[in-house]
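Input: a single structure, listed below in structure tokens.
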Amino acid sequence: MLSKAQIVATIGPATKDRGIIKEMMTHQMDVVRLNFSWGTYEEHAGYIKNIREDAKELGKRIPIIQDLSGPRVQEKTGHEFKEGSVEIITAKDLADLKFGILQNVDYVAMSYVGKAGDILELREKMQQFGLSTTLKVKKIIPIIAKIERKVALENLDEIIKVSDAVMVARGDLGNEIPLEQIPFAEKDIIAKCKIAGKPVIVATQMMLSMMENPLPTRAEVTDIAYAILNGADAVMLSEESARGKYPLEAVIMMERGIEEAEKHLPKDFVINAL
């Protein structure tokens, strides 16, 4: 049995080689994410090459998400939104976006979305790139709105309406609202996306303990189950698969958790795949 919900796995130093990428694909990694807050273009181009070659060999369609950095402040223990930022699309984002277009990525994830206008502006930038004399590629890539700011929750309906998919980015969201409110924000975002028929991904710390351990905690397995029971179309591995010691095991355990949770869903439950 294969799960209906998808597994998104972030590719990084721990999963850069074709061997591990292919293993993850055979164990139901459905989508890959490249985090452009880290790494060089050369590294990302190498990841993309390996992903596509392995997917072709296995006869699989594996969409690639380019996750733009947005206006963030990098810290030793992570990052957070750069307070006072007026422009959500940074100069780095624009350079990265040009690279992504040339690499033919399948989705672009936009960080720190605050309103519908942010999504529309990113689409306009893509249109402008297509008319550029230096970038002779015209492609409007589907946009995933990352919900990680309080203002995004306030403008959620308009953001969902103009986005192609949505990510519940619980890491940064936890810097904006009390931690105890996150489960309910997650549930609300999922519910609204299901009504709109837009794919919704639940992300951040889903199996964080597997950075160091071959098995997840009971709480992490429960977290995955409730994301699926609430209607998530996809769940995501971040540093667990990019830098962790057990990336393959994390994919396997996530698939097992999804499969079990889906046994408790109505038979006519619809998944909006990426």
**Message:** Tally up the residues in segment 93-116 that are touching a residue at least 24 places away in the same chain (Cβ under 8 Å), over 17 Å from the mean Cα position of the chain (by Cα) and part of a helix (DSSP H, G or I), please.
**Reply:** 6
**Asked** Within segment 17-37, is even one residue of a type in the set (Ser, Thr, Tyr) and closer than 27 Å to Ile228 by Cα?
**Response** yes
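Might you let me know whether segment 183-200 holds any residue that is touching a Pro at 6+ places or on another chain (Cβ under 8 Å) and over 23 Å from Leu68 (Cβ atoms)?
Residues of segment 183-200 touching a Pro at 6+ places or on another chain (Cβ under 8 Å): 193.
Now drop any that are not over 23 Å from Leu68 (Cβ atoms), which leaves none.
Checked segment 183-200: no residue is touching a Pro at 6+ places or on another chain (Cβ under 8 Å) and over 23 Å from Leu68 (Cβ atoms).
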**Fill in**
When every residue in segment 44-74 that is part of a helix (DSSP H, G or I) and aliphatic (A, V, I, L, M) is compared, the one surrounded by the most Cβ atoms within 10 Å (Cβ to Cβ) is Ile51
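Quick grid of which residues meet (1) charged (D, E, K, R); (2) assigned to a helix (DSSP H, G or I); (3) crowded, with 22+ Cβ neighbours inside 10 Å; (4) touching a Cys at 6+ places or on another chain (Cβ under 9 Å):
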{"residue": "Ala145", "(1), (2), (3), (4)": "no, no, yes, no"}
{"residue": "Val151", "(1), (2), (3), (4)": "no, yes, no, no"}
{"residue": "Glu158", "(1), (2), (3), (4)": "yes, yes, no, no"}
{"residue": "Met167", "(1), (2), (3), (4)": "no, no, yes, no"}
{"residue": "Asn175", "(1), (2), (3), (4)": "no, yes, no, no"}
{"residue": "Lys194", "(1), (2), (3), (4)": "yes, yes, no, no"}
{"residue": "Lys198", "(1), (2), (3), (4)": "yes, no, no, no"}
{"residue": "Met210", "(1), (2), (3), (4)": "no, yes, yes, no"}
{"residue": "Thr222", "(1), (2), (3), (4)": "no, yes, no, no"}
**Filter result for Arg52 (over 17 Å from the mean Cα position of the chain (by Cα) and modelled with pLDDT under 95)** = no
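The values are calculated or read from the model by the stated rules, or taken from the named source; none is laboratory data. Nothing here was measured: the structure is a model prediction, and the numbers come from that model. Positions of Cβ are generated from backbone atoms using ideal geometry, with glycine treated the same way; all protein chains shown enter the neighbour counts.
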